[in-house]
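Asks: Following this message is one structure expressed as structure tokens.
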There are 2 protein chains.
Amino acid sequence: MITVSILGAGNVATHLFEVFLHSETIKIVQWYNRSLRALAMYQDQVETTNNLNDLKPADVYIIAVSDDAISGLSEQLPFKNRLIAHTSGSVSVYDLDKKNRRAVFYPLQTFSKGVAIDMSAVPICIETTEKQDVPLLKALGKQIGCHTHKVNSEQRRALHLAAVFVNNFTNQLYRVAHEITEQEGVEFDILKPLILETANKVQTISPYLAQTGPAKRNDKKTIKKHLKLLTNEHHQAIYKLLTSSIKKTHGSIPRNN
Amino acid sequence: MITVSILGAGNVATHLFEVFLHSETIKIVQWYNRSLRALAMYQDQVETTNNLNDLKPADVYIIAVSDDAISGLSEQLPFKNRLIAHTSGSVSVYDLDKKNRRAVFYPLQTFSKGVAIDMSAVPICIETTEKQDVPLLKALGKQIGCHTHKVNSEQRRALHLAAVFVNNFTNQLYRVAHEITEQEGVEFDILKPLILETANKVQTISPYLAQTGPAKRNDKKTIKKHLKLLTNEHHQAIYKLLTSSIKKTHGSIPRNN
């Protein structure tokens, strides 16, 4: 049995609470939040508190608060030599107060409030300042059905940055496509199967090999047509930059990766 | 029974051949290609020809050749008043020779040679110069399990352009993420569930509502960290442009679409 306390009440904290609660090998000792109101609907399922001094011993304290609040919260903890893990992709493990054993338990996935997620599709990146703490965090991840990956600080930072490209930036390209279709009164829905297949394709072949389209073929006629169609300057700038990026990747000697 | 002849031997032609062949209500009359070699492996399953003068009557001739070859091929057809449909997203229906009835049968999906695709996930955009030809093309699409959408020229052009954003450009963002992770020796595989979930999310909520991350939050600290991490100038330019695009979309008054 692994004993866990959760600190914070955002999306990640709430998703972790739900999966910890349904695990038979994890016991949630307490759920802390600065304001108890956010936890009110869970108070029949778990002991809640808004007082750090009430925190009882646990194998690990998961700090799932906003990036800027992590360091301050870790400083306020009224105990030492216990295992503390934050869940952020971009905050350094050394931002946690050094009076405790420090770690990161970073679920690399996009969580939306109220949207259930298959935990087997959530990779957990684990980083610790002390080697001895890896097995417990790996076990915690496995017991909720996740794949775990031990990473170092540089690797976690690279993953967080890469995640912005494949999640936030990709989603913005969907948004631009939505704007383009809306402008001609055609349904964005028609693009949804293509969006899925594009994501599916790179599950088995590399993005390099998956690439197709006018930029890869250097089909100047189509590129010119498209630039003429784009009345929005911002959309045009994105079109130009990503077309030149594809040309850069595929332009010279073909590579096989 | 709908009778069809296919002209061309690329990805789209081959995928259409496979699904037409397995339909009990579609008969493939002939498969034409300039070179018979590309069709050699299919000659036991269908009558193949490399001579346009041999083409027999069919309800519809599907021209699935490269964009630049469509117009010329349609001019060479030695008959008139028959229904001709090309499969391109960007070529005008009027680029087909006007001696025949002209149409577009555009499958909005990414096809890879040898990769089977679920046809129910292939929307077919249909455009015709004559109204009477819509029902046959709709029936053809339905009989291979596709959703069909009647569109006009502007709408098809908008869809083709939007498809470049959600397919080619999105795939290039995956490629950049691959480069970023590779550089730190961390596996791109860890990002694959996030790639899928990002595509999944917009199947049910709009890209506008699905957006998260540092750019949307205007989290200057994280953005600055990321820009410092990006050593590749090209990656940096993409980061800056898409961050500013997200800010543009989400920056001012919150909208609900």
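Asks: Could you list the trypsin sites (Lys or Arg not before Pro) in the range B:178-257 that lie in coil according to DSSP, counting only those with at most 16 other Cβ atoms within 10 Å of their Cβ?
Replies: Passing both the DSSP loop test and the Cβ count: B:Arg255.
Asks: Calculate how steeply helix A:233-250 sits against the longest principal axis of the alpha-carbon atoms of chain A, using the helix alpha-carbon long axis, and give the answer as 0 to 90 degrees to the nearest 10.
Replies: Taking the Cα atoms of chain A, the angle to A:233-250 is about 90 degrees.
Asks: Checking the a/c ratio against 1.5 first, then a/b against b/c, what shape does the Cα gyration tensor give for the range B:1-159?
Replies: rounded
Asks: Return A:Thr170, B:Thr181, A:Thr3 ranked ascending by Cβ neighbour count within 10 Å, so the fewest neighbours appear first.
Replies: A:Thr3, B:Thr181, A:Thr170
Asks: Continuing with this model, one more query. Counting only other chains, and only Cβ atoms inside 10 Å, what mean value do you get across the residues of A:223-230?
Replies: 3
Asks: Placing +1 at every Lys and Arg Cβ and -1 at every Asp and Glu Cβ, with all other atoms neutral, what dipole size does chain B have around its Cα centre, in debye to the nearest 20?
Replies: 1220
Asks: Turning to a different aspect of this structure: Ignoring everything except DSSP H segments at least 4 long, calculate the 222 nm mean residue ellipticity for the protein assembly as shown; use -39,500 (n - 2.57) per segment, divide by total residues, nearest 500.
Replies: -12000 deg cm²/dmol
Asks: Mind checking the angle between helix A:170-183 and chain A's longest principal axis? C-alpha axes, 0 to 90 degrees, to the nearest 10.
Replies: Rounded to the nearest ten degrees, it is 50.
Asks: Given springs between every Cα pair under 10 Å in a Gaussian network model of chain A, which of A:Val115, A:Val65, A:Val91 has the largest fluctuation?
Replies: Greatest mean-square fluctuation among the candidates belongs to A:Val115.
Asks: Just need the relative contact order of chain A here, percent rounded to a whole number, with Cα pairs under 8 Å and 6+ apart.
Replies: Here the relative contact order equals 12 percent.
Asks: Of the GluC sites (Glu not before Pro) in the range A:66-158, which ones lie in a loop per DSSP and count no more than 13 other C-beta atoms within 10 Å?
Replies: For GluC sites (Glu not before Pro) across the range A:66-158 that sit outside H, G, I, E and B with at most 13 neighbouring Cβ atoms in 10 Å, the list reads A:Glu130.
Asks: Taking every residue in B:149-162, how many Cβ atoms of other protein chains lie within 10 Å of its Cβ, on average?
Replies: 6
Asks: Picking from B:Gly72, B:Gly89, B:Gly141, which is most flexible by a Gaussian network model of chain B using Cα springs under 10 Å?
Replies: B:Gly72
Asks: Mind listing the Cα extents of the protein assembly as shown along all three principal axes, in Å, largest one first?
Replies: So the three principal-axis extents are 88, 44, 43 Å.
Asks: Mind pulling up the Rg/Rh value for the range B:157-250? Radius of gyration and Kirkwood radius, both on Cα.
Replies: Checking Rg against Rh, the ratio lands at 0.96.
Asks: Taking every DSSP beta bridge that has both residues in chain A, what percent is antiparallel when rounded to the nearest 5?
Replies: Percent antiparallel among DSSP bridges in chain A is about 20.
Asks: Let me ask something additional. Can you name the chain A residue with its Cβ nearest the rotation axis from A to B, and give the distance in Å as a whole number?
Replies: A:Ala199, 2
Asks: I've got another one for you. Just to confirm the number: angle between the C-alpha axis of helix A:67-76 and the first principal axis of chain A, 0 to 90 degrees, nearest 10?
Replies: Approximately 10 degrees, to the nearest 10.
Asks: Let me ask something additional. Below 18 Å, Cα to Cα, which aspartates and glutamates can A:Lys247 reach? Residues fewer than 8 away in the same chain don't count.
Replies: Leaving aside aspartates and glutamates fewer than 8 places away in the same chain, those within reach of A:Lys247 are A:Asp219, B:Glu179, B:Glu233.
Asks: Here is a further query. What percent does the relative contact order of the range A:2-151 come to when contacts are Cα pairs within less than 8 Å and at least six residues apart?
Replies: The normalised contact order for the range A:2-151 reaches 19 percent.
Asks: Can you flag which of B:Lys216/B:Lys248; B:Lys56/B:Lys150; B:Lys56/B:Lys113; A:Lys113/B:Lys216; A:Lys98/A:Lys131 are past 18 Å Cα-Cα?
Replies: Checking Cα-Cα distances, B:Lys56/B:Lys150; B:Lys56/B:Lys113 exceed 18 Å.
Asks: Taking the Cβ of each residue in A:Tyr208, A:Tyr94 as the centre, tally the other Cβ atoms inside 10 Å and list the residues starting with the fewest.
Replies: So the ranking, lowest neighbour count to highest, is A:Tyr94, A:Tyr208.
Asks: So in the protein assembly as shown, what percent of DSSP beta bridges are antiparallel if you round to the nearest 5?
Replies: 20
Asks: Using Cβ counts within 10 Å as a stand-in for footprinting exposure, how do A:Thr198, A:Thr49 rank, fewest first?
Replies: With the sparsest Cβ surroundings first, the list reads A:Thr49, A:Thr198.
Asks: Continuing with this model, one more query. Would you mind classifying the range B:109-175 by shape? Square roots of the alpha carbon gyration tensor eigenvalues, ordered a ≥ b ≥ c; an a/c under 1.5 is rounded, otherwise it is prolate if a/b is larger than b/c and oblate if not.
Replies: Note, shape of the range B:109-175 comes out oblate.
Asks: Filter the trypsin sites (Lys or Arg not before Pro) in the range B:66-160 down to the DSSP loop ones having no more than 12 other Cβ atoms within 10 Å, then list what survives.
Replies: B:Lys80, B:Lys98, B:Lys113
Where a number appears in this text, it was derived from the coordinates with a stated rule and is not lab data. Keep in mind it's a predicted model, so treat the numbers as computed, not measured. Heads up, the Cβs are rebuilt from the backbone with ideal geometry, glycines too, and the neighbour counts pull from every protein chain shown.
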